[in-house]
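Take a look at the structure below.
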Amino acid sequence: MTAGDNLFGRLLGRTSAMPADTPVANLTGLQLQLDHLGRVVTINGTLRSQLASHLGGDARPLLRELLCASSALSVEGSPADWQRQGLDLDFRGAADQVLHTRGWVEPDGDHWTLRLVDVSDLLAGRQLAGHREQNHQLSSQMSEQLRVCTLSRLPDVLNEHLASLAQRWRIPCVAMALLDEDDQGWRIYGQYTAHDAPALWQAGQRLGTGLDSVNGNVPLSLAQGRSDNPRLQSVFGNADGFLVPYRDGQGIAAWLLCGVYSTQSQTSERDWLNLTAALAAPLLGRLREQRHHQQLERVEALQGLLGTGWWELLPATQEIQLAPQLQRSLSQDDGATRQPLSLWLELIHPADRQELNSRLQDLQALGKPLLTSVRLQRSDADHNPIWYRVQGQVLGVGDSRRWIGFMLDISDIKNQQLQAAAAHARLDNLIASSPAVIYVQRYVSGALHPAFFSDSLLPLLGWTLADCDHAGLASLIHPDDRDLYFERTRQLLREGSVRSRYRVRDKQGNYHWLLDEAKLLRDDLGLPVEAVGLWLDVTDATLAAEQVKQSEERYRILVEDSPAMICRYQPDLTLTFGNTPLANYLECLPAQLPGLNLGHWLSDEQRQAFVQRISQLSVEFPVSTAEISLQLPGREHAWWVWSDRGVFDEHGALVEVQAVGRDNTEVRRSQQQLTQSAKMATLGEMATGLAHEINQPLNVMRMAIVNVLKRLSNGDAQIDYLTEKLQRIDAQVQRAARVVDHMRVFGRRSEIERHPFDPAQAVEGTLSLLSEGLKGKGVEVRLTPADFSVQVIGYADQLEQVLINLMVNARDALLSQREKQPDLRPWIAVHTEHDSRHVRIWVEDNGGGIDPRLLERIFEPFFTTKPIGVGTGLGLSVSYGIVENMGGRLSVSNGKDGAQFCVELPVVGS
Ligand code: ADP
């Protein structure tokens, strides 16, 4: 009987008691003799030595006292009760182990014999099978879960499995390492660390290539400090380790790492390999699936973005299959991706269709790779065409041949290309037709050699590049300008850019002024490579500028030499320029004039009037002339006739004034003298009238005095009478004094400044001088006093002079008329009227008027109809000047009875 049979037999005996006659070797197994109470009498057999307690002395321990607690229960009661049943008894071993036995009890006289065999190995086998079964179940469960979970939960599910693995085998650290996608070595994909264990690994941690060198034939156990592979120390640190490989077609694809652990379990290597495979295989499968999916998404997204997509020819059915995106972008509908080839060709522009078709045939028949660009047929011709690049090739050989390619939207590039080409052509055209020459000069050891000229060189100068080479160009430059040209080259090399102007000879021998602008281009090291520049023909402009300069010079001389004062000044009267005559008047040098203010030499009033006048200049009426009076340094008053012309900007605002002035002081003085002498003449003329004017009060006084004296001599001179007479004399003295006073005032020279005054004041003054005299001559003065008050500007004494002239003339005309017509009752009427702008003083008489033929001449100087020595012929002409000076008008007409003179003056403030 073999040991296996023996074992089998033992297993069979599990349910029935062994036959009584079974020979049992006395010394095998274990035989215990028991008394009827179940107390052990003797122990025999080979296993005896393994028991924890041996019998000694008289003590008879109960059988159950030798057993482990688990099997003590099956031997309750007495041995008689245990007959005919199999007994599984676990004895406590001497080395604290458990001795698994199986057997039966049989009567042995008045004792009982318990016969047992060792079944430890049998149990262990069963246990192992159970473990295996469990492991298998766990594996398939884990596999299944990893296969079906969603991709996003994959890491979590793996970690859960690693955790249950760790707990089942009591492993402190478990991790799954996978080959990195980018082949950079191994990387922890998931891990579990018990809470009291050192953290050996983290998810995502890189392990390098240390694991590559491990022989992956079997699970490998590493005891601390015994690793013959030092590189593994970087993976496990100094901890004990255990690692299990998973291999697929390409070699080891995953490692299960168990840290701080060395396997002592009953789990076999094969089980570990299976377990690891159960985790790694589905995990890697899912990850591959994920990568594939992502790749597909990327490709689709890329195709969508690029406006590209694959196509495949299906020659058997004369069809073509397109990527869905491509199909969409080509025909804008979601039609079938598979369609007849002819339908697809319809989408291509007729101009490109045939070529594409023939190339497709070449691809099929000859295997010739296809590469072409085609336009799409579009209904809206307004838009830029859509261009596709079509590329194709043959894949595989024989029956597995496939014709595959892609289409790529290149409209942007193509249209840009076309636009760039058009722009380039336009630019070329422009350069060729412009008066500019573009040139390139190459840098050759410190010199610049002409290397290119644009086509415009020939029409401009008549030369070609060959004529203008390095040596030739210098000879074409005007001899006077050659230094300029060489300096230009030096500056260009030194500073990187230059702008200069020199003359170049053309083929006809004429010189052109060229404006040269050049820039130096350098390479990456900063060394000069070439100069790019531009020649602009500026001959006309240069000559014109020359002419302008010359004419400006001429004008400058003219202005400087002019006897007139010429200047420019800003609207605030600040001088910007003045010539020598002006500077002489203002007693400085011409250079000192700019910045000085003209107003400095004007009185406040003059300045205001000046500024007011300038402010009225406009684009329509840019010129104004006036006589201004100035107080010049160290001189009397100067009178300048001053003509201003405004210069305006594009908005019509005054920017500057150009002025020409002439000194009018002398003229003005003689005019003044003339006025004065006329005035004195008037006074002289009035002498008779004045004598009368003074005689009158003298007569009254004489009469009063004669009467008083008469009374005094009669002796009846009462006080009241005397007082009355003395008062009358006093009044007459005052009257005479007024006349004399006024004469003195009138005889004085006019003041310099004009003042506002009421013209009625002049009328009154005139009458105070004349009325008595006129009355004495029998001329009635009809005065209509003004019932209004207005102001005019000028000199009251001069207006008075005018009125005296008019009235004296009227008087003369009346007196000579009375000689012819003794019954004439002569009168002079004076009345005043006004409107919003003017005041008019009328002086009329009934002296018969002026001969109409003379009317036009009476204002001429020295025109008189009076006898020599009587008339001066100046009265009216001086009067005319005075009224005009005040901005007014003196006019004459013949009325019903005689002459009608009118002095019209502007009213101030109107
Ligand atoms: P004069 O009085 O010295 O002659 P005027 O210039 O004052 O010089 O006058 C010029 C001339 O105008 C006079 O000679 C006279 O003929 C004429 N005249 C002026 N006023 C009158 C008037 N009221 N009626 C008629 N003639 C006049």
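The values are calculated or read from the model by the stated rules, or taken from the named source; none is laboratory data. In this text, all values refer to a predicted model and were calculated from it rather than measured experimentally. Cβ placement follows ideal geometry from the backbone for every residue including glycine, while neighbour counts extend to all protein chains displayed.
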Exercise for review: Name, by its number, the condition in (1) outside any helix (DSSP H, G or I); (2) of a type outside the set (S, T, N, Q); (3) free of Cβ contacts under 8 Å to residues at least 12 places away in the same chain that does not hold for residue 517.
Suggested key: (3)
**Study point:** Qualifying position, being surrounded by 13 or more Cβ atoms within 10 Å (Cβ to Cβ), touching a helix residue (DSSP H, G or I) at 6+ places or on another chain (Cβ under 8 Å) and part of a helix (DSSP H, G or I), among 328, 353, 359
**Key:** 353
Study note, to complete from the structure: If we keep only residues of segment 883-910 that are part of a strand (DSSP E or B) and small (Gly, Ala, Ser), then the residue surrounded by the most Cβ atoms within 10 Å (Cβ to Cβ) is 899
Check your understanding: Failed condition for residue 515, given (1) within 24 Å of residue 481 (Cβ to Cβ); (2) loosely packed, with under 12 Cβ neighbours inside 10 Å, with all others met?
Key -> (2)
Practice item. Looking only at segment 88-102, decide whether some residue is surrounded by 12 or more Cβ atoms within 10 Å (Cβ to Cβ), under 60 Å from the mean Cα position of the chain (by Cα) and of a type in the set (Val, Ile, Thr). Key: no
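Residues are listed down the side, and each one gets a yes or a no for (1) closer than 23 Å to residue 874 by Cβ; (2) more than 16 Å from the ligand (Cβ to nearest atom); (3) over 60 Å from the mean Cα position of the chain (by Cα); (4) among the charged types (D, E, K, R):
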site	(1), (2), (3), (4)
756	no, yes, yes, no
788	no, yes, yes, no
797	yes, yes, yes, yes
801	yes, no, yes, no
Check your understanding: What pairs can you find where one residue is in segment 575-602 and part of a strand (DSSP E or B), the other is of a type in the set (Gly, Ala, Ser) and at pLDDT 90 or above, and their Cβ atoms are less than 8 Å apart, with a gap of 6+ or different chains?
Key -> 575/595
Exercise for review: Take residue 314 and decide whether it is touching a helix residue (DSSP H, G or I) at 6+ places or on another chain (Cβ under 9 Å) and surrounded by 18 or more Cβ atoms within 10 Å (Cβ to Cβ).
Suggested key: no
Review point. Does segment 845-881 hold any residues that are in a loop (DSSP other than H, G, I, E, B), more than 8 Å from the ligand (Cβ to nearest atom) and in contact (Cβ under 8 Å) with a residue 40 or more places away in the chain, and which are they?
Key: 846, 852
Review point. Somewhere in segment 762-770, is a residue within 16 Å of the ligand (Cβ to nearest atom), of a type in the set (A, V, I, L, M, F, W, C) and more than 30 Å from residue 670 (Cβ to Cβ)?
Key: no
Practice item. Looking at (1) closer than 30 Å to residue 758 by Cα; (2) more than 9 Å from the ligand (Cβ to nearest atom); (3) out of contact with any helix residue (DSSP H, G or I) (no Cβ under 7 Å at 6 or more places or on another chain); (4) not small (Gly, Ala, Ser), find the lone condition where residue 894 falls short. Key: (2)
**Study point:** Residue satisfying condition, being in a loop (DSSP other than H, G, I, E, B), buried (at least 17 other Cβ atoms within 10 Å of the Cβ) and in contact with a strand residue (DSSP E or B) (Cβ under 9 Å, 6 or more places away or on another chain), within set 630, 617
**Key:** 617
Review point. So residue 288 fits all but one of (1) under 30 Å from residue 178 (Cα atoms); (2) free of Cβ contacts under 8 Å to residues at least 40 places away in the same chain; (3) more than 52 Å from the chain's Cα centre (by Cα); what number is the exception?
Key: (3)
Review point. If you go through segment 634-660, how many residues are in contact with a Phe, Trp or Tyr (Cβ under 8 Å, 6 or more places away or on another chain) and loosely packed, with under 15 Cβ neighbours inside 10 Å?
Key: 1
Point to revise | Meets criteria (closer than 30 Å to residue 768 by Cβ and either assigned to a helix (DSSP H, G or I) or free of Cβ contacts under 8 Å to residues at least 12 places away in the same chain (or both)) for residue 673 | key: yes
Exercise for review: Of all residues in segment 536-585, count the ones that are among the basic types (Lys, Arg) and within 24 Å of residue 611 (Cα to Cα).
Suggested key: 1
Point to revise | Filter result (touching a residue at least 40 places away in the same chain (Cβ under 8 Å), in contact with a strand residue (DSSP E or B) (Cβ under 9 Å, 6 or more places away or on another chain) and either aromatic (Phe, Trp, Tyr) or not in a strand (DSSP E or B) (or both)) within segment 758-789 | key: 759, 760, 762, 763, 766, 767, 770, 774, 779, 786, 788
Point to revise | Selection within segment 803-838 - away from the ligand (no atom under 16 Å from the Cβ), farther than 30 Å from residue 672 by Cα and acidic (Asp, Glu) | key: 823, 835
Point to revise | Criterion (modelled with pLDDT under 90 and among the acidic types (Asp, Glu)) met by exactly one of 656, 693 | key: 693
